[in-house]
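Read-outs throughout are calculated quantities, based only on the coordinates presented, and are distinct from any laboratory measurement. What you see is a predicted model, and the numbers here were worked out from it, not measured in a lab. Because the Cβ atoms are built from the backbone with ideal geometry, glycine has one as well, and the counts that use them run over all protein chains shown.
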Amino acid sequence: IEQSVSKEDTSSLYMVAIYAPLIIIIGILGGILPSANDIFAGEKERKTMEALLMVPVKRLHLLVGKWFTISTFGVLSGVLSTISFVLFVRYFTVTLNDALNLTNHLVAFGASLLVAITLFALLAGLILCIFSLLASSVKEAQSYTSQIITVAMLPYFLMMGKSVNELQSSAFLIPIYNVFALMKQLLYGVYDMQSLAYTAGSLSVCIIVLFTIGYTMFTKSRWVLGKG
């Protein structure tokens with residue numbers, strides 16, 4: 001009986017580890033996408049970017065404001081998706097609730113997951129800002145977005161065949177892949193500060209590099225005002 005329960009719990013936790021990251025990441029992207037495609041490409045298409053640039057505000061502040069706005073939507077959507085998933089497991093399932101035991105590690109789980117959600121939202125928001133700058137219209141930006149989502153979800157499928165014990169330290173240095181790896185660790189009750197530090201560090205470096213690229217583009221009229 002003990003072995004049967006153990007297998008059932010393992011199977012249930014595996015299901016949680018499969019669905020939870022997918023729901024959270026889709027939640028983050030779902031919060032970002034509606035405004036990301038319109039935030040630069042839409043203004044270029046409507047010819048309102050010129051008027052915005054005439055406002056006595058530095059371009060750096062405009063870029064940061066737009067980036068933080070769409071990233072905040074992503075963070076809020078990711079947090080709400082997480083809460084909804086946990087509440088659903090808690091009150092509408094039995095075996096999954098027993099497998100996902102967060103009672104003793106709720107603070108560590110919530111804090112670590114919030115760091116991952118925030119950094120992923122900032123990174124995704126910045127990537128979409130850059131592609132929105134590249135696009136001349138909302139429709140063009142949407143075509144870029146579909147490809148970005150496909151690439152962003154590849155690490156999820158690669159992670160499905162990995163167990164927590166197989167995750168090496170180097171896995172937490174690979175941007176986006178490390179977010180899924182960290183989520184898997186947290187869901188299995190593994191709280192490793194080194195993994196969290198590696199994930200936060202690598203994502204922060206990516207954000208700094210991409211922000212430099214985005215800001216450079218935002219200072220060029222070619223990208224800000226479009227082909228016209």
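Subtract the Cα-Cα distance of residue 191 and residue 51 from 0.36 nm times their separation in residues, and report this length gain in nm to one decimal. All intermediate terms of the calculation are to be shown ahead of the outcome.
Numbers: separation 140, 0.36 × 140 = 50.40 nm, distance 4.92 nm.
Residue separation times 0.36 nm, minus the Cα-Cα distance, leaves 45.5 nm.
Looking at this model, which pairs from 66/184; 66/162; 139/220 are more than 28 angstrom apart at the alpha-carbon? Don't jump to the answer; show the numbers that get you there.
Details: 66/184 31 Å; 66/162 37 Å; 139/220 22 Å.
From 66/184; 66/162; 139/220, over 28 Å: 66/184; 66/162.
What's the exposure ranking of 83, 70, going from fewest to most Cβ atoms within 10 Å? Spell out each step's value before the answer.
Values: 83 11, 70 25.
Fewest to most other Cβ atoms nearby, the residues stand as 83, 70.
What's the local net charge at residue 35, with K and R +1, D and E -1, over the other residues with C-beta under 14 Å away? That works out to -1. Here the Karplus relation 6.51 cos²θ - 1.76 cosθ + 1.60, evaluated at θ = phi - 60°, turns the backbone of the range 83-91 into coupling constants of 4, 4, 5, 5, 5, 5, 5, 5, 10 Hz, with x for every Gly and Pro. Note that the range 73-78 has calculated 3J(HN,Hα) couplings of 4, x, 4, 4, 5, x Hz, one per residue in order, obtained from phi through the Karplus relation 6.51 cos²θ - 1.76 cosθ + 1.60 (θ = phi - 60°); glycine and proline are x.
Could you please report the charge total around residue 52, scoring K, R as +1 and D, E as -1 over all other residues with beta-carbon less than 15 angstrom from its beta-carbon? Spell out each step's value before the answer.
Values: positive: 44, 46, 47, 58, 59, 66; negative: 38, 43, 45, 50.
Net of charged neighbours comes to +2.
Residues in the range 37-42 carry Karplus couplings, in order, of 5, 9, 5, 10, 4, x Hz; the curve used is 6.51 cos²θ - 1.76 cosθ + 1.60 with θ = phi - 60°, and Gly or Pro positions show x.
Let me have the relative contact order for the range 2-224, percent, based on Cα pairs under 8 Å that are six or more residues apart.
Values: 239 pairs, mean separation 65.3, N = 223.
In percent, rounded to a whole number, it is 29.
Among the trypsin sites (Lys or Arg not before Pro) in the range 1-104, those placed in a DSSP loop whose Cβ has at most 15 other Cβ atoms within 10 Å are 47, 58. Among the chymotrypsin sites (Phe, Trp or Tyr not before Pro) in the range 1-106, none is located in a DSSP loop while being surrounded by at most 13 other Cβ atoms within 10 Å of its own Cβ.
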